[in-house]
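Working notes for the structure below.
The values are calculated or read from the model by the stated rules, or taken from the named source; none is laboratory data. Nothing here was measured: the structure is a model prediction, and the numbers come from that model. So basically every Cβ, Gly included, is an ideal-geometry build from the backbone, and we count neighbours across all protein chains shown. Just the protein is used for accessible areas: all its heavy atoms, side chains included, with ligands, DNA and RNA removed. Shrake-Rupley method; radii C 1.70, N 1.55, O 1.52, S 1.80 Å.
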Amino acid sequence: MRRTILSALGALALATALVPATASAQSVDIGFAVPDTTNPFLGWLTSEVQKQAEAAGMRLEIADAGASPVKQMEQIENFIAMGVKVIDIMPVDPNNVQDVIARAQAQGIKVLVQGTDTGVYDVMMNIDQYNAGEQAAEMAIDWLTTTFPEGGAKVAIIPATDTVDAKNRSQGMIDTMTKWGKAEIVTSPTEARSTAQGTSVMETLLLQNPDLDAVLTYNADTAMGVNEYVMGQAQVDHAKFGVFTGDWSPPVQETINASANNESVFRGTIRIVGPMLDGQQVDLPIATFTIMKALSEGQTPYGKWVKDTIAKAGPEAN
């Protein structure tokens, strides 16, 4: 009799333990798979989109891949197993997610891809990456023209070419600076995407090129690392050094604002403002969730390709 009671209690305990996990999985509406939330832009975007989801009474779960394509694949597979309605993917490696996206779609899950064209999706959100690179270089040129009216500046470019979009943005920077023709250009043989990598690459670049006047980087995360390193170098005239890039977040804007008093050398970036939806400009986090929500209802009212508007962001007036 005692064994029967214990068995029954054990079964009840097991059933009770399983209920929260099952309920939790079933209650997730949207899975948001991103490369690395320590990136200022991605950290800001994911938190703001999550606020939108909470306000709408929907549960959104963020999966941080820690820059690992293998981990991201596992996270997407987990979202599929959970039976979410929508998966938003910002790919670590855009060349290895096609099959898993197709599996999600076969299960009736809608897939939004942001940032990099994977060729397989229900909706794609992206910017003109080459133009983003052009505009970042234009900001650098404007600053160099004012700071060095006599010409003769030296500019380093820290690219990223591991994806088509990264290559396009980096090439936009290189082509625009080359076309300008009034600066010596040094292209770093070592690429960078993170703050730590930016710091490391900048240390080498400045050692080899102590006469550098400006640096262009692929993204703001790298630019933050470059800024951190340069601000620690007493031999650099901070008033005559500029860093320019793409991507935006509030911490990035604060750093750029500090450059007005030369408390930073990070002077400008390209901000993804967001797309035009129904003829209205919509901020990126709001637009992202708006498209997610529409997909969760089986709708694509803004088409399969949503193009984000971009804008130059320099120091803001106090």
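Give the long-range amide H neighbours of ALA153: residues separated by 5 or more places, or on another chain, with amide H under 5 Å away, using H modelled in the peptide plane at 1.01 Å from N.
Counting only residues 5 or more places away or on other chains, the set is GLU184.
GLY83: net charge of surrounding residues, Cβ under 15 Å, Lys/Arg +1, Asp/Glu -1, itself excluded?
+1
Using 0.36 nm times the number of residues separating THR38 and ALA196, minus their current alpha carbon distance, what extension gain do you get? Kindly include the intermediate steps, with their values, before the conclusion.
On the way: separation 158, 0.36 × 158 = 56.88 nm, distance 1.14 nm.
Answer, rounded to one decimal: 55.7 nm.
Given the alpha-carbon gyration tensor of the chain, what are the semi-axes of its equivalent ellipsoid in whole angstrom, ordered largest first, with each equal to the square root of 5 times an eigenvalue?
Numbers: eigenvalues 377, 91, 59 Å².
Each semi-axis is the square root of five times an eigenvalue, giving 43, 21, 17 Å.
Can you tell me the 0 to 90 degree angle between the C-alpha axis of helix 164-180 and the longest principal axis of the chain, rounded to 10?
Relative to the chain, helix 164-180 is tipped by roughly 10 degrees.
Gap in Å between the Cα centre of segment 43-64 and the Cα centre of segment 254-310?
15 Å
Any idea what angle helix 40-55 forms with the longest principal axis of the chain, computed on alpha-carbon atoms, 0 to 90 degrees, nearest 10?
Computed tilt is about 40 degrees.
Find how many whole Å separate the alpha carbon centroid of segment 71-87 from the alpha carbon centroid of segment 124-174.
Result: 35 Å between the Cα centres.
In the structure shown, do any of LYS154/LYS179; LYS51/LYS71; LYS110/LYS304; LYS51/LYS312; LYS71/LYS293 have a Cα-Cα gap over 23 Å, and if so which? Let's see the in-between values first.
Details: LYS154/LYS179 15 Å; LYS51/LYS71 25 Å; LYS110/LYS304 12 Å; LYS51/LYS312 26 Å; LYS71/LYS293 26 Å.
Beyond 23 Å: LYS51/LYS71; LYS51/LYS312; LYS71/LYS293.
Please list the non-local residues whose amide H lies under 5 Å from the amide H of LEU277, H modeled 1.01 Å from N, same-chain partners needing a gap of 5 or more.
VAL282
Divide by every residue of the chain the summed helix terms, -39500 (n - 2.57) for each DSSP H run of at least 4, and state the resulting mean residue ellipticity at 222 nm, rounded to the nearest 500 deg cm²/dmol.
Numbers: 10 runs with 149 residues, N = 318.
Using -39500 (n - 2.57) per qualifying helix, the result is -15500 deg cm²/dmol.
What does the accessible area per residue of segment 29-128 come to in Å², with a 1.4 Å probe and no ligands, DNA or RNA counted? Kindly include the intermediate steps, with their values, before the conclusion.
Numbers: 3830 Å² over 100 residues.
Value for segment 29-128: 38 Å² per residue.
So what is the relative contact order for the chain, in percent, with contacts set as C-alpha pairs under 8 Å and at least six apart? Intermediate results must be reported in sequence, preceding the final value.
Details: 619 pairs, mean separation 51.8, N = 318.
Relative contact order, the chain: 16 percent.
What are the residues whose amide H is under 5 Å from the amide H of THR300, where those residues sit 5 or more places off or on another chain and H is modelled from the backbone?
Amide H neighbours of THR300, under 5 Å, 5+ apart: none.
Could you work out which residue, out of PHE266, PHE148, PHE32, moves most in a Gaussian network model of the chain, that is, has the largest mean-square fluctuation with Cα springs under 10 Å?
PHE148
So in segment 130-287, what percent of DSSP beta bridges are antiparallel if you round to the nearest 5?
Values: 2 of 16 bridges.
So the antiparallel bridges in segment 130-287 amount to around 10 percent.
Taking θ as phi - 60°, what are the ³J(HN,Hα) couplings along segment 188-193 by the Karplus curve (6.51, -1.76, 1.60), each to the nearest whole Hz, with x for Gly and Pro?
Values, residue by residue: 5, x, 9, 8, 8, 9 Hz.
Mind ordering 309-315, 281-287 by average Cβ neighbours within 10 Å, highest first?
Working: 309-315: 16.1, 281-287: 17.7.
The packing order, highest mean first, is 281-287, 309-315.
Given a 1.4 Å probe and every protein chain left where it sits, what share in percent of the accessible area of the chain is carbon and sulfur?
Numbers: 7530 of 14500 Å².
C and S fraction of accessible area: 52 percent.
In degrees, nearest 10, range 0 to 90: what is the angle between the Cα axis of helix 195-208 and the longest Cα principal axis of the chain?
20 degrees
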